[in-house]
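The block underneath contains the structure these notes are about, expressed in structure tokens.
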Amino acid sequence: MERERLLQRLKAERFDLLVIGGGATGCGIALDAAARGLQVALVEREDFGSGTSSRSTKLIHGGVRYLEMAVKRLDRVQFHLVSDALRERSILLRIAPHLTSWLPLFTPLYRAWDIPYYWAGLKLYDALARGASPAPSRYVSSREARTRFPRVRPNGLRGGVLYLDGQFDDARMNVALALTAIAHGAAAANYVEVVGLAQRDGRAVSAEVRDCLGGSTWEIEARAIVNATGPWSDQVRRMEQAGARPLLQVSSGAHLVVDQTFWPSKAGLLIPRTEDGRVVFVLPWLGHTLIGTTEEQASPDLAPTAGAEAIDYLLRHANQYLTHQVRPTDVKASWAGLRPLVGDPGKSDTAGLARDHVIVESSGGMITIAGGKWTTYRKMAQDTVDFAVRRAALETAGPCRTSFLELTGAEGLAQSSADLLGSRFGLDPAAAKHLLRAYGGRAVQVLEQGSSARLTPGHPVVEAEVVWAARQELAQTALDVLARRTRLAFVDHAAARAALPRVIELLAPELGWDKARRDREMRETAEVVERGL
Ligand code: FAD
């Protein structure tokens, strides 16, 4: 995959639709529009998924907490949101089977009267999913809970409830969306920033963009411009109208990762009640344990990190439920992201805001899509493209096709197996499983590009992935590889730092880096990994 070729297209062609932002929302829109036959451009100022979309809790869900809020407030909008998200959950599990899976979630309960409450709530969740889940939710006796979840604090445990939701690899799904959009004809490039918007006769018709790696600037013209910049949506809206009223109330959420020995289960743990009336998850993820998340007011101008207070909050809640206490020194990785929540001027508490999306058109004609969740990116994309087709009279557009359109890697998955990868490339079962999960049917092609030696001990990531990332997945920096093509920097900061010199050695010939660039990559990447993502 050649970024240069995509840049040339972005410089030479005129487009039906220009999408600003390469997170889940922007890449979902580019794919939807390209699959309808439209001429599509997408620009992302950093890497695909480098914003919020690589920093989620990795759940594809309707959200049991949102359902509880819907019931308590008799809020029909929230109710529909949960039901829509559960429909999307089924679609994502179908179109990206390698990157998604079902995840059982256990809620331990210590008060007898909580059991019928949570049981009934999950039966409602099942009903809204309309039988899509392979197994219904159920009550778990205290005896079964102690046997099946021995790491849950047993004192006073009355039992619990178990249900299924979806889990996924968010950054790899984001890259898969970008690559699938490109395969359908979109010109999508990372490290290209919109720095200004130009109008003709009062309508936004072009964007001034800058190649953040090469330095050149030019204009991209399109019949419709979509602002899909998540937490930064208001900043882009102000490029068009300096006085635009803010749409968003941004909050930040932190996660941390510890060894899987703290929670060695295939099921996740849902901590049903926190000090601030939220929930916290303890989840198995990529051979580790992920704990999240927090909710604090934030500003899109400041990159969020998981500070000591957030880590303390998460450990305090997790440790109330776990038999093996997690200390701050056990944390192997942490990160934080910004939630692009649609604001309600009447509410100061972002936890109470609905995770709905809105589509607004400015008087200059730019379309902004804001809010929503990862789980609903496909529906958000469909609604946005429908809106753009109507408003900009994009008459060549066909119908939306994304509910059945498989993402890159889904093809050939059925013919691949860990045994095949093991016998052909001498891979151990853990590495073979990892490659199938990350690349699906393309795992063989990945291994054909380079060595199957492990990048760093204790992690299943292999060297060929680095080469593949540069050649086929538009990775431009060592951090793109360590954070978003492989997820090493998200699960183990020390391992990511240890792998960094080899990653740079493998990337340098692929990306034509001289000594100065290699030194810069080493310094800057180490700094980012050191302070937390
Ligand atoms: P982003 O991913 O932030 O993408 C916006 C992009 O725009 C960025 O990459 C940015 O670089 C780019 N950009 C900005 N300005 C410009 C410019 N001028 N030019 C070019 N590009 C620009 N949802 C779920 O469904 N399940 C979960 O478990 C879940 N957990 C979450 C946990 C946390 C802590 C948070 C914060 C969110 C969570 N979400 C979850 C929500 C979900 O992650 C977000 O709704 C989703 O990722 C938003 O995607 P986006 O594309 O709108 O924004």
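The values are calculated or read from the model by the stated rules, or taken from the named source; none is laboratory data. None of these values were measured; they are calculated from a predicted model. Positions of Cβ are generated from backbone atoms using ideal geometry, with glycine treated the same way; all protein chains shown enter the neighbour counts. Protein only, heavy atoms only, side chains kept; ligands, DNA and RNA dropped before computing areas. Shrake-Rupley method; radii C 1.70, N 1.55, O 1.52, S 1.80 Å.
Identify all residues within segment 49-73 that are under 30 Å from Ala470 (Cα atoms) and more than 7 Å from the ligand (Cβ to nearest atom); write none if there are none. Step through it out loud before you land on a result.
First pass over segment 49-73, keeping only residues under 30 Å from Ala470 (Cα atoms): 49-60.
Residue satisfying the conditions is Ser54 alone.
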- Query: Hey, which of the helices (runs of 4 or more DSSP H) in segment 17-131, taking only ones fully inside, have at least 3 residues that are among the basic types (Lys, Arg)?
  - Reply: 64-73, 76-95
- Item | Subset of segment 292-316 (residues that are out of contact with any Lys or Arg (no Cβ under 9 Å at 6 or more places or on another chain) and part of a helix (DSSP H, G or I)) | Ala308, Glu309, Ala310, Ile311, Asp312, Tyr313, Leu314, Arg316
- Query: Would you pick out the residues in segment 474-493 that are closer than 12 Å to Asn190 by Cβ, open to solvent by less than 10 Å² (accessible area, probe 1.4 Å) and in a loop (DSSP other than H, G, I, E, B)?
  - Reply: Leu474, Ala475
- Note on the structure: The condition of being of a type in the set (Lys, Arg) and open to solvent by 10 Å² or more (accessible area, probe 1.4 Å) holds, among Arg94, Arg89, only for Arg94
- Task: Would you please name the residue that is least open to solvent (accessible area, probe 1.4 Å), looking only at residues in segment 50-70 that are more than 18 Å from Leu81 (Cβ to Cβ) and of a type in the set (Gly, Ala, Ser)?
- Result: Ser54
- Residue that is nearest to the ligand (Cβ to nearest atom), among those in segment 294-312 that are at pLDDT 95 or above and crowded, with 21+ Cβ neighbours inside 10 Å: Thr294
- Specify which of the listed residues (Gly440, Gly372, Gly412) is crowded, with 18+ Cβ neighbours inside 10 Å and modelled with pLDDT under 95. Gly372
- Tally time: how many residues in segment 191-208 are of a type outside the set (Val, Ile, Thr), more than 9 Å from the ligand (Cβ to nearest atom) and assigned to a strand (DSSP E or B)? 9
- For segment 434-461, enumerate the residues that are of a type in the set (Phe, Trp, Tyr) and out of contact with any helix residue (DSSP H, G or I) (no Cβ under 6 Å at 6 or more places or on another chain). none
- Query: What are the residue pairs meeting all of these: first residue in segment 24-38, first residue not assigned by TED's automatic domain parsing to the domain that holds Leu10 and β-branched (Val, Ile, Thr), second residue outside any helix (DSSP H, G or I) and open to solvent by 10 Å² or more (accessible area, probe 1.4 Å), Cβ atoms under 8 Å, and 6 or more apart or on different chains?
  - Reply: none
- What number of residues within segment 190-243 satisfy the criterion of being buried (at least 23 other Cβ atoms within 10 Å of the Cβ), within 23 Å of Leu338 (Cβ to Cβ) and among the small types (Gly, Ala, Ser)? 4
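Would you pick out the residues in segment 33-48 that are closer than 24 Å to His255 by Cβ and either within 6 Å of the ligand (Cβ to nearest atom) or among the hydrophobic types (A, V, I, L, M, F, W, C) (or both)? Let's see the steps before the verdict.
Filtering segment 33-48 down to residues closer than 24 Å to His255 by Cβ leaves 44-48.
Those that are closer than 24 Å to His255 by Cβ and either within 6 Å of the ligand (Cβ to nearest atom) or among the hydrophobic types (A, V, I, L, M, F, W, C) (or both): Glu44, Arg45, Glu46, Phe48.
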- Item | The one condition in (1) over 24 Å from Ile271 (Cβ atoms); (2) surrounded by 15 or more Cβ atoms within 10 Å (Cβ to Cβ); (3) charged (D, E, K, R) that Asp169 fails to fulfil | (1)
- Residue list for segment 1-31, filter: more than 30 Å from Gln449 (Cα to Cα) and not small (Gly, Ala, Ser): Lys11, Glu13, Arg14, Phe15, Asp16, Leu17, Leu18, Val19, Ile20, Thr25, Ile29
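If we scan segment 211-230, do we find a residue that is out of contact with any His (no Cβ under 7 Å at 6 or more places or on another chain) and part of a helix (DSSP H, G or I)? Please lay out each step first, then the result.
Restricting attention to segment 211-230, the residues satisfying the condition of being out of contact with any His (no Cβ under 7 Å at 6 or more places or on another chain) are 211-230.
In the following step, the residues that additionally are part of a helix (DSSP H, G or I) were identified as 230.
Taking every residue of segment 211-230 in turn, at least one turns out to be out of contact with any His (no Cβ under 7 Å at 6 or more places or on another chain) and part of a helix (DSSP H, G or I).
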- What about Arg9, is it more than 14 Å from the ligand (Cβ to nearest atom), part of a helix (DSSP H, G or I) and open to solvent by 10 Å² or more (accessible area, probe 1.4 Å)? yes
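Has segment 150-160 got any residue that is at pLDDT 95 or above and under 30 Å from Arg485 (Cα atoms)? Steps first, please.
Residues of segment 150-160 that are at pLDDT 95 or above, as a first pass: 150-160.
Retained after the next criterion (residues that are under 30 Å from Arg485 (Cα atoms)): none.
Within segment 150-160, none of the residues are at pLDDT 95 or above and under 30 Å from Arg485 (Cα atoms).
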